[in-house]
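Accompanying notes for the structure given below.
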Amino acid sequence: MYNNLTNFVIKIYSYMVIKESVIKNALRKTIKEFIEEDRIEHNDGSVEIDNFKIVYEQLSFGNDNDTLYFVQIVKRDKDNPGQKSQFYAAQYLKEYYFKSLDEFKSKENEIKQLCQSLNARAYIYMNPRSEKIVNKWTKINLQRMEKHRDMKYKFQGNAKALAAGRSFDDITRPICFIDVDSNDENDIKQVMNIIKQANIKPLFTYRSLNNGIHIVLPNKEDAKKLDFTSINGDLSKYSKRVQMNAKVGVEIDKPCILYAKLIPQGYQKQQNRFNKWTKN
């Protein structure tokens, strides 16, 4: 009887493993129709996303010596169970302000090593910043921090990072991305088809840590017209907070993952919040 029970358990486990493998392979096949590269899943359970090469291809520094790209290393609470940051559920560890492609490439290994050693992510704002405007807002932020000590404490006195990381829905910052917080193959297919039917060609696409998708688009105005009601449902009656926790959203002038090597934490908490807030 014991042997029969053992064999039964082994068969059930094998079926579960095969089923999970089939789902993963189907998802990979769907994704590879739209992207060339895939993320790396390591034996220790961590997932490595390396977007350096594809990001390099998108950068444009110009000849005005005013263009910079802002990269930030962030240690998020959700990637580090037990960490409870006081603000924004994250710790902001280091910033880079790149003025040339060579300078950027020279720091690639350093950024990867820091992310791995600190269990952090490297983010990049794909819309370039004007150094003059960043410097202007840095001065303004410093003045505000002197008047409001709580602001200085909240942003760790880093007036320049606050200036460079400030997101604007502005004509000078057209790049955005579609954030698909779902590893459901049907959801991903629907999103891809909606974008394709709108005749929008993504700049690049990559899988997130949790097997979702980030689709980087060249024009936020086109992205705003996309209708994801078939996936999210009608969110018009809900607050912005609720909409931010939907499966699919448009992220305007928000940072993309440049590099990460972390253990995925899944979408369950986010989905539970969304279901709770939208429950009739």
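Scan the range 213-252 residue by residue and report those that are within 17 Å of residue 183 (Cα to Cα), at pLDDT 90 or above and not hydrophobic (A, V, I, L, M, F, W, C). If the condition is that a residue be within 17 Å of residue 183 (Cα to Cα), at pLDDT 90 or above and not hydrophobic (A, V, I, L, M, F, W, C), then 214, 230, 232, 247, 249 are the ones that fit. Of all residues in the range 125-159, those satisfying the criterion of being touching a strand residue (DSSP E or B) at 6+ places or on another chain (Cβ under 8 Å) and either without any contact (Cβ under 8 Å) to a residue 24 or more places away in the chain or surrounded by fewer than 18 Cβ atoms within 10 Å (Cβ to Cβ) (or both) are 130, 131, 156, 158. Does residue 54 satisfy the criteria of being surrounded by 13 or more Cβ atoms within 10 Å (Cβ to Cβ) and assigned to a strand (DSSP E or B)? No. Among (1) crowded, with 16+ Cβ neighbours inside 10 Å; (2) in a loop (DSSP other than H, G, I, E, B), which single condition is residue 65 missing? Answer for residue 65: the failing condition is (1).
Criterion applied to 27, 59 was being modelled with pLDDT under 90 and not small (Gly, Ala, Ser), and the one residue passing it is 27. Of everything listed in (1) more than 30 Å from residue 42 (Cα to Cα); (2) modelled with pLDDT of 95 or more, the single unmet condition for residue 170 is (2). For the range 254-267, the candidate set comprises residues that are more than 14 Å from residue 178 (Cβ to Cβ), within 12 Å of the chain's Cα centre (by Cα) and not hydrophobic (A, V, I, L, M, F, W, C); within that set, the residue that is surrounded by the most Cβ atoms within 10 Å (Cβ to Cβ) is 259.
Just to be sure before I move on: is residue 71 within 17 Å of residue 107 (Cβ to Cβ) and crowded, with 16+ Cβ neighbours inside 10 Å in the structure I sent? When the stated conditions are applied, residue 71 passes them.
The values are calculated or read from the model by the stated rules, or taken from the named source; none is laboratory data. Nothing here was measured: the structure is a model prediction, and the numbers come from that model. Virtual Cβ from ideal backbone geometry, glycine too; neighbours counted across all protein chains shown.
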